[in-house]
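Take a look at the structure below.
The values are calculated or read from the model by the stated rules, or taken from the named source; none is laboratory data. Because the structure is predicted, anything quoted here is derived from the model rather than measured. Counting neighbours? That spans all protein chains shown, and the Cβs are built from the backbone with ideal geometry, glycine included. Ligands, DNA and RNA are stripped out before the accessible areas are found, and what is left, the full protein with its side chains, is counted by its heavy atoms. Shrake-Rupley method; radii C 1.70, N 1.55, O 1.52, S 1.80 Å.
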Amino acid sequence: MADSGEEKLLAVARHIAKTLGNDNRTVAEDILKIFSNFDARFSKEKLSDPLGCAALEQTLDSLDERISRHVSSRNNNDNSQAIFSVNTAAFLASVDELTATVNRWRPLAADETVGACLSRADEMLRRAMVLAEDEFRSLMDESIRNTSFESDDGGEFEGDDESCGNGVQDHRIPAAERVSEEDVVIDVLPAGTVIDLREIATRMVAAGFGDSCARVYGGCRREFLEESFSRLGFRNLCASEIQEMPWQVLEDEIERWINASNVSLRILFPSERRLCDRVFSGGSAADIAFGEVCREPVTQLLRFADAVASHSRSPDQLFRILHVFDTMRELIPEFASLFSDSQCETEAIEVWKRLGEAIKEIFVELENLIRHDPAKAAVHGGGLHPITKYVVNYLVAASQSRRTLELVFQGDFLPLKDFITKVDDNKHQSDSHFCVQLCGIMDLLESNLEAKSKFYKDLALCSVFMMNNLRYIVQKAKTSELGPVLGDDWIRKHTAKIRRFHVSYQRSSWSKVVGFLKVETSEVTMAAGSSVVVEVKAMKEKLKMFNLHFEEICRVQSHWVVFDEQLREEIRIALEKILLPAYGSFIGRFHNVPELSKYVDKYVKYGVDDIGDRLNDLFQGENSVLEVSHRFKIWL
């Protein structure tokens, strides 16, 4: 290093002398004489070659001969003889010396003679780099030929780089390793090959040919990666093919995409990144090489996800798109760590955001479907309407992805790791974006059900219909992840609505019947003769009307539907509490009137227990399957 510095100093001194000598030879000679007092070598300088170009030319002649010999040897062997098999040190030493010579003389390139020598040196360096590039390509091709995709052997590890003779401590490198549970081979090249490639790459980078070397590496390595990529079953489809694909077919493609994305970003690409860094010792050449190898597979993965985001907005697509969204979210850190430039990460984030927007639009479409679902006919017996079942089960399934959907609906797409704590802290709050969205959908569903209940001319049956559907909604909320999203207040509010419809049912269906069991006080406090006649007549008429209405209600309502056993039991118990005591009191009074006691068998058709038995027969109808719009046949 010291000798190199002295040579540079001498060259500068010669350049000063020559520059001055162009105008005044005496001055130049005087300068050389002064310099000779400091270094005896200046005493031998001649103004005809003040920069020592003759020595430079001699050096280039020697290097030209040696490099030409390597090139000729390679050509005579028809490129079959690798330089690393016989004369590695000699060739690389020649390249190193030529590169050092060019770099040493480059500051004096303005001199005509030096400039001509440097032009020659650059041409020599170009020929050397062509040879180095050919050798680099040969090593890459040979390593790929020696890797068998058909082998079932597991991964084997070559020795450390240190054991290969370069004295550099390094990690062990797996060669042709098959990924567990995947029909894909990871070949990060034998250690010896990596060392040879790095020796060439180091020279090419130093000579300014790093980009060319990286492109050769990428061109050779890309074929291997594409073969591994294709074995994951993922097809390279254009955006229009994806968008026009039937959803049932696209679902299978999405599963393959998820698998290919995880294996690629977590296994294949990191292996290639590590290999590029080892061959090119990091730096920009490693980034270029990695981009050459992985850019096309990455583009395919992002293009597919983006096309999925642009597919039709049918509600049944939500759950698959959620899988794609979650996969993208989980893999964005991998994009950031693998690719040095931010472009790839930015593209991945933009696709991820478009998937989030697609998810929000799916919920808008669900709202529109509920809002415009036609009320064509009433459900038999006031039972559970299919739209209730479909929408509620849909939201129950969606609630299982609560964290993801909270992330979507908050709008700013924070990284999930920064968002989880916030979601957990607000777990029992009902003001989150996702909660507001689901409550809005529930309001639409309830309005839709109220409109459908108008099909029932019987107010009692209308109340039973609303009880059934609200009960289903509340019970589903209580027993699933939907409950914490809607909140306790929402559940209490709708439980109270069920009670109000229960009261409405009792009032509209049974108030008149219970009224028949009441005896007005004026009817039994009249004068002895007439009061008995009035009481007998009134009680016979009331009992007759009670029997008639009770039988009709039991006959009709036995075909009505209350799907929930607990709700059915609650209704029965409530009816018993208002009906049995009143009926028992009325019958007791009927027995106590002598003029009526002889007519007991004729007018009293039911004992108190018989009334209870008939109440048990209510709501035994079967919930018929009402045809629902095909738009609500949702995948769950």
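Please go through the range 537-563 and pick out each residue that is of a type in the set (Val, Ile, Thr) and not in a helix (DSSP H, G or I).
Residues satisfying the conditions are 561, 562.
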For this session: Would you be able to tell me the number of residues in the range 274-284 that are open to solvent by 30 Å² or more (accessible area, probe 1.4 Å) and under 20 Å from residue 333 (Cα atoms)?
Result: 2
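Residue-wise test of (1) buried (at least 20 other Cβ atoms within 10 Å of the Cβ); (2) acidic (Asp, Glu); (3) assigned to a helix (DSSP H, G or I).
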residue: 97; (1), (2), (3): no, yes, yes
residue: 100; (1), (2), (3): no, no, yes
residue: 105; (1), (2), (3): yes, no, yes
residue: 123; (1), (2), (3): no, yes, yes
residue: 126; (1), (2), (3): no, no, yes
residue: 132; (1), (2), (3): yes, no, yes
Problem set entry | Filtered residues of the range 447-474 (kept if basic (Lys, Arg) and more than 18 Å from residue 494 (Cβ to Cβ)) | 454, 457
Problem set entry | Close pairs (7 angstrom Cβ cut-off, 6 or more residues apart or separate chains): open to solvent by 40 Å² or more (accessible area, probe 1.4 Å) in the range 578-597, among the β-branched types (Val, Ile, Thr) and at pLDDT 90 or above anywhere | 578/514
Problem set entry | Residue identified as at pLDDT 95 or above and either buried (at least 20 other Cβ atoms within 10 Å of the Cβ) or closer than 30 Å to residue 327 by Cα (or both) among 445, 407 | 445
Seminar exercise, completed: Over the range 107-121, the set of residues open to solvent by less than 40 Å² (accessible area, probe 1.4 Å), small (Gly, Ala, Ser) and under 18 Å from residue 206 (Cα atoms) is 121
For this session: Could you list, in sequence order, all residues of the range 314-329 that are among the acidic types (Asp, Glu) and under 15 Å from residue 406 (Cβ atoms)?
Result: 326
Seminar exercise, completed: Listed by range, helices (runs of 4 or more DSSP H) wholly within the range 587-636 having at least 2 residues that are touching a Cys at 6+ places or on another chain (Cβ under 7 Å), closer than 16 Å to residue 536 by Cβ and at pLDDT below 75 are none
Exercise. Can you name every residue in the range 295-349 that is among the basic types (Lys, Arg) and outside any helix (DSSP H, G or I)?
Worked result: 313
For this session: Please work out which residue is nearest to residue 407 (Cα to Cα), limiting yourself to the range 344-370 and to residues that are open to solvent by 40 Å² or more (accessible area, probe 1.4 Å) and over 19 Å from the mean Cα position of the chain (by Cα).
Result: 364
Seminar exercise, completed: Every listed condition ((1) assigned to a helix (DSSP H, G or I); (2) modelled with pLDDT under 80; (3) surrounded by 17 or more Cβ atoms within 10 Å (Cβ to Cβ)) holds for residue 575 save (2)
For this session: Could you pull out the residue among 458, 418 that is within 30 Å of residue 348 (Cα to Cα), open to solvent by 20 Å² or more (accessible area, probe 1.4 Å) and at pLDDT below 95?
Result: 418
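Results for (1) open to solvent by 20 Å² or more (accessible area, probe 1.4 Å); (2) over 28 Å from residue 201 (Cα atoms); (3) in contact (Cβ under 8 Å) with a residue 60 or more places away in the chain; (4) of a type in the set (S, T, N, Q), shown as yes or no for each residue.
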{"position": "265", "(1), (2), (3), (4)": "no, no, yes, no"}
{"position": "269", "(1), (2), (3), (4)": "no, no, yes, no"}
{"position": "295", "(1), (2), (3), (4)": "yes, no, no, no"}
{"position": "298", "(1), (2), (3), (4)": "no, no, no, no"}
{"position": "304", "(1), (2), (3), (4)": "no, yes, yes, no"}
{"position": "312", "(1), (2), (3), (4)": "yes, yes, yes, yes"}
Exercise. Just for the range 94-133: of the residues that are more than 13 Å from residue 66 (Cβ to Cβ) and of a type in the set (Ser, Thr, Tyr), which one is modelled with the highest pLDDT?
Worked result: 99
For this session: For the range 371-392, name all the residues that are within 25 Å of residue 432 (Cα to Cα) and open to solvent by less than 30 Å² (accessible area, probe 1.4 Å).
Result: 388, 391, 392
For this session: State whether one or more residues within the range 222-238 are farther than 25 Å from residue 212 by Cβ, of a type outside the set (Lys, Arg) and in contact with a strand residue (DSSP E or B) (Cβ under 8 Å, 6 or more places away or on another chain).
Result: yes
Exercise. Going by the conditions given, is residue 308 crowded, with 24+ Cβ neighbours inside 10 Å and more than 17 Å from residue 229 (Cβ to Cβ)?
Worked result: yes
Exercise. Are there any pairs with C-beta distances below 7 angstrom linking a residue in the range 202-219 that is in contact (Cβ under 8 Å) with a residue 40 or more places away in the chain to a residue that is part of a loop (DSSP other than H, G, I, E, B) and open to solvent by 40 Å² or more (accessible area, probe 1.4 Å), with the two at least 6 apart or on different chains, and if so which?
Worked result: 202/281
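Within the range 243-259, is there a residue that is touching an Asp or Glu at 6+ places or on another chain (Cβ under 6 Å) and of a type outside the set (Ser, Thr, Tyr)?
First pass over the range 243-259, keeping only residues touching an Asp or Glu at 6+ places or on another chain (Cβ under 6 Å): none.
Within the range 243-259, not a single residue is touching an Asp or Glu at 6+ places or on another chain (Cβ under 6 Å) and of a type outside the set (Ser, Thr, Tyr).
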Exercise. If you go through the range 473-494, how many residues are surrounded by fewer than 20 Cβ atoms within 10 Å (Cβ to Cβ) and within 19 Å of residue 382 (Cβ to Cβ)?
Worked result: 3
